[in-house]
Amino acid sequence: MGFPFFTYLTRANVSDDQGLIEMLTFNIDYFKSKPDDITLTTILLDSGYHIEKLTTDLQKVYPEIMTKIRFEISPKVSKQQKAEKGLSGFVVVPTRWILGLKDAKS
């Protein structure tokens, strides 16, 4: 469904990675209290995020975090798809809104 779980505002000079780390760290109790046997929370990201960095930094805050969440890069619209629709430049992807959190089957 893509309903937002949290919102977090940063200054423009904070990287997307750092902003996400801060937001999840601030709300870490949500993930700590989430039972292990429930579905993983999928965090949809655009290609500007660095999953290895996010994983490493978040595991320093909460070592079991990756048993509660997973990261997924949303697909971009291909040049061919843009051309077929008469579009160019940045195109909004329906499954992405900067980043999204959703519960999904693990």
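The values are calculated or read from the model by the stated rules, or taken from the named source; none is laboratory data. As the structure is a prediction and not an experimental result, all values here were calculated from the model. Cβ sites come from the backbone with ideal geometry, for glycine too, and all protein chains shown count toward neighbours. Side chains are part of the model used for accessible areas, which takes the heavy atoms of the whole protein and leaves out ligands, DNA and RNA. Shrake-Rupley method; radii C 1.70, N 1.55, O 1.52, S 1.80 Å.
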Cβ pairs under 7 Å, 6+ apart or interchain, first in the stretch 74-96 and over 21 Å from His50 (Cα atoms), second open to solvent by 80 Å² or more (accessible area, probe 1.4 Å) and modelled with pLDDT of 80 or more, ordered by first then second residue, are Lys82/Ser88
Residue pairs qualifying under the 8 Å Cβ cut-off, at least six apart or on distinct chains, with the first in the stretch 17-36 being β-branched (Val, Ile, Thr) and the second being open to solvent by 10 Å² or more (accessible area, probe 1.4 Å), are Ile21/Asp57; Ile21/Val61; Thr25/Val61; Ile28/Val61; Ile28/Tyr62
Those residues of the stretch 9-38 which are of a type in the set (D, E, K, R), surrounded by 16 or more Cβ atoms within 10 Å (Cβ to Cβ) and closer than 12 Å to Ile65 by Cβ amount to Lys34
Subset of the stretch 52-73, residues within 15 Å of Thr42 (Cβ to Cβ) and of a type in the set (D, E, K, R), comes to Lys68, Arg70, Glu72
- Would you check if there is a residue in the stretch 24-42 being under 23 Å from Val91 (Cα atoms) and either more than 14 Å from the chain's Cα centre (by Cα) or among the hydrophobic types (A, V, I, L, M, F, W, C) (or both)? no
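Assess whether Thr41 counts as being among the β-branched types (Val, Ile, Thr), open to solvent by less than 30 Å² (accessible area, probe 1.4 Å) and on the phi < 0 side of the Ramachandran plot.
Numbers: among the β-branched types (Val, Ile, Thr): yes; open to solvent by less than 30 Å² (accessible area, probe 1.4 Å): yes; on the phi < 0 side of the Ramachandran plot: yes.
It is true that Thr41 is among the β-branched types (Val, Ile, Thr), open to solvent by less than 30 Å² (accessible area, probe 1.4 Å) and on the phi < 0 side of the Ramachandran plot.
Take Ser15 and decide whether it is modelled with pLDDT of 90 or more, polar (S, T, N, Q) and more than 14 Å from the chain's Cα centre (by Cα). Give the steps one after another, and end with the answer.
Details: modelled with pLDDT of 90 or more: yes; polar (S, T, N, Q): yes; more than 14 Å from the chain's Cα centre (by Cα): no.
Here the answer is no, as Ser15 does not meet what is asked.
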